[in-house]
Amino acid sequence: MTLNSQPSTPNSAKRKICVVLVDRANYGRLKPVMKAIAAHPKLQLQVLAAGTMVLERFDQPVNVVRKDGFTVDGEIYIELEGSTPATMAKSVGFGVVEFASEFQRLKPDVVLLIGDRYEALSASIAAAYMNLCVVHIQGGEVSGSIDESARHAMTKFAQFHFPSTRRSAEYITRMGERPDTILGVGCPSSDIARELDRSLSPEILNSRGSGCTINVRKPFLLVIFHPTTTEFGGERAQMEELIAALEEVKEQTVLLWPNIDAGSDHVSKAIRAFRERSRPAWLRTLINLPPEEYLKVLANAACAVGNSSSFVRDAGYFGTPIVLVGRRQEGRETDIHVARVKPTKAEIARSIRQQLSYGRYEPSTLYGDGFVSTRIADALATIAPYIQKRLNFVYEIDGRQAVTMSSGTMVSTPAAF
């Protein structure tokens with residue numbers, strides 16, 4: 001029996017929650033929520049895998065989902081090859097078409113999305129136009145890249161929200177969302193972090209990928225650098241600066257390949273060119289890690305370097321020192337474990353040395369207390385799904401509309417407006 005099926009209650013009596021997975025980080029944060037949904041007596045879990053979850057070049061993380069005991073109800077192929085702004089835009093279009101077909105087949109009661117990926121944006125568009133209720137996790141955050149716009153668009157397509165922080169919740173209400181549609185605060189990845197056995201076996205790193213053998217008993221760096229789509233064309237030079245800093249520091253390093261965003265091929269080419277030219281004896285590259293194993297690596301790293309959002313949210317729970325490079329996470333809430341630097345060799349190398357010298361920080365619960373997923377599942381079972389959305393500061397008064405302005409004054413307009 002898979003985790004999706006529970007024999008106690010007939011599936012016809014349960015609310016169907018369709019969880020959309022679009023990349024490895026997506027699944028890492030939604031896995032505890034999926035477990036909580038599958039265990040809930042009033043909910044039925046449906047799973048759709050899309051984006052890089054199903055691609056062989058990213059090690060097909062969908063297979064990890066099945067290995068973890070979940071039934072995958074559908075696989076969607078939407079990624080157009082090329083990793084350019086144009087191919088990203090076209091992939092969103094393919095996603096709308098394919099998600100619409102799957103939603104029509106599965107007939108979910110609620111579509112559950114997380115984050116700011118363009119693939120998830122396409123799912124939110126399809127669901128909204130099919131009059132499906134959307135619940136969005138991690139809305140209201142601020143960052144760089146096109147993710148900033150995609151995240152806020154998903155908030156406006158969603159009927160209910162589960163932001164990660166109190167500031168994010170405030171920003172959602174300031175975007176015109178009703179306060180009562182905010183179901184709670186916290187990132188579900190904190191649940192995995194709380195329960196995690198942080199012991200790190202050498203096999204987790206050395207049985208996959210290529211490069212040097214990592215001695216997990218000695219300090220090592222974790223590096224992830226994704227392209228910033230709004231700076232398309234400059235990502236290779238930025239990656240080369242990061243590599244030059246790593247070569248200067250020469251700590252043993254675990255590097256995960258970038259995501260599929262526009263510019264990722266240029267980042268990958270910079271890594272390959274350096275690896276072939278210099279044959280570094282301190283570098284190991286990996287394609288993918290399952291959620292718990294990735295968090296073990298993050299928890300044990302002496303310092304993490306790059307621009308992954310996991311360095312902002314998940315690393316804080318472990319107190320792992322972070323060097324946050326460039327503008328991809330610009331505006332994100334961070335705790336004291338994060339040092340922001342420009343993508344230059346000198347700044348990156350200096351900050352790495354400073355963070356290594358400082359050591360570990362006190363754990364942070366800025367992005368969750370480790371008890372988030374059950375709260376999300378309980379909320380999914382009790383919400384009253386609805387379709388029509390309106391700006392919360394628009395009210396019906398005596399047959400006329402009144403708009404509450406930021407100054408607190410009221411401006412009346414015809415109800416037919």
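For the stretch 70-86, give me the residue count where each residue is open to solvent by 20 Å² or more (accessible area, probe 1.4 Å) and of a type outside the set (Asp, Glu). The total comes to 8. Of all residues in the stretch 132-156, those being at pLDDT below 95 and in a strand (DSSP E or B) number 0.
The residue that is nearest to Leu242 (Cα to Cα), among those in the stretch 348-367 that are small (Gly, Ala, Ser) and open to solvent by less than 30 Å² (accessible area, probe 1.4 Å), is Ala349. Scanning the stretch 368-388 for residues being outside any loop (DSSP other than H, G, I, E, B), in contact with a Phe, Trp or Tyr (Cβ under 9 Å, 6 or more places away or on another chain) and open to solvent by less than 80 Å² (accessible area, probe 1.4 Å) gives a total of 3. Taking the criterion of being part of a loop (DSSP other than H, G, I, E, B) and in contact (Cβ under 8 Å) with a residue 60 or more places away in the chain, the residues of the stretch 110-131 that qualify are Gly115, Arg117, Asn131. Do we find that Phe274 is closer than 15 Å to Ile348 by Cβ, touching a Ser or Thr at 6+ places or on another chain (Cβ under 9 Å) and either modelled with pLDDT of 95 or more or buried (at least 18 other Cβ atoms within 10 Å of the Cβ) (or both) in this structure? When the stated conditions are applied, Phe274 does not pass them.
For the stretch 322-341, the criterion of being over 21 Å from Val142 (Cα atoms), β-branched (Val, Ile, Thr) and at pLDDT 95 or above is satisfied by no residue at all.
Of all residue pairs spaced 6 or more apart or on separate chains, those with beta-carbon atoms under 7 Å, a first member in the stretch 61-79 that is more than 17 Å from Arg29 (Cα to Cα) and a second member that is polar (S, T, N, Q) and assigned to a loop (DSSP other than H, G, I, E, B) are Thr71/Thr2; Thr71/Asn4. Taken over the stretch 185-220, the criterion of being of a type in the set (Ser, Thr, Tyr) and under 27 Å from Ile137 (Cβ atoms) is satisfied by Ser189, Ser190. When the stretch 302-314 is filtered for residues that are under 18 Å from Val142 (Cα atoms) and of a type in the set (A, V, I, L, M), only Val312 remains. Would you mind stating whether Arg279 is in contact with a Phe, Trp or Tyr (Cβ under 6 Å, 6 or more places away or on another chain) and open to solvent by 10 Å² or more (accessible area, probe 1.4 Å)? When the stated conditions are applied, Arg279 does not pass them.
Evaluate the following for Arg284: is it basic (Lys, Arg) and assigned to a strand (DSSP E or B)? Step through it out loud before you land on a result.
Numbers: basic (Lys, Arg): yes; assigned to a strand (DSSP E or B): yes.
So Arg284 fits the description; yes.
Of the residues making up the stretch 293-340, those that are of a type in the set (D, E, K, R) and under 15 Å from the mean Cα position of the chain (by Cα) are Arg313, Asp314, Arg328, Arg332, Glu333.
Just wondering, is there one or more residues in the stretch 117-129 that are among the β-branched types (Val, Ile, Thr), closer than 25 Å to Ser164 by Cα and within 21 Å of the chain's Cα centre (by Cα)?
In the first step, residues of the stretch 117-129 are kept if they are among the β-branched types (Val, Ile, Thr); the result is 125.
Then drop every residue that is not closer than 25 Å to Ser164 by Cα, which leaves 125.
This time we only want the ones that are within 21 Å of the chain's Cα centre (by Cα), so: 125.
Among the residues of the stretch 117-129, at least one is among the β-branched types (Val, Ile, Thr), closer than 25 Å to Ser164 by Cα and within 21 Å of the chain's Cα centre (by Cα), which makes the answer yes.
Filter the stretch 157-169 down to residues that are among the hydrophobic types (A, V, I, L, M, F, W, C) and assigned to a strand (DSSP E or B) and give me whichever is surrounded by the most Cβ atoms within 10 Å (Cβ to Cβ). The residue in question is Phe162.
Listed by position, the helices (runs of 4 or more DSSP H) enclosed by the stretch 1-109 that each have at least 1 residues that are among the acidic types (Asp, Glu) are 85-106.
The values are calculated or read from the model by the stated rules, or taken from the named source; none is laboratory data. As the structure is a prediction and not an experimental result, all values here were calculated from the model. Counting neighbours? That spans all protein chains shown, and the Cβs are built from the backbone with ideal geometry, glycine included. Quick note on the areas: whole protein, heavy atoms, side chains included, nothing else; ligands and nucleic acids left out. Shrake-Rupley method; radii C 1.70, N 1.55, O 1.52, S 1.80 Å.
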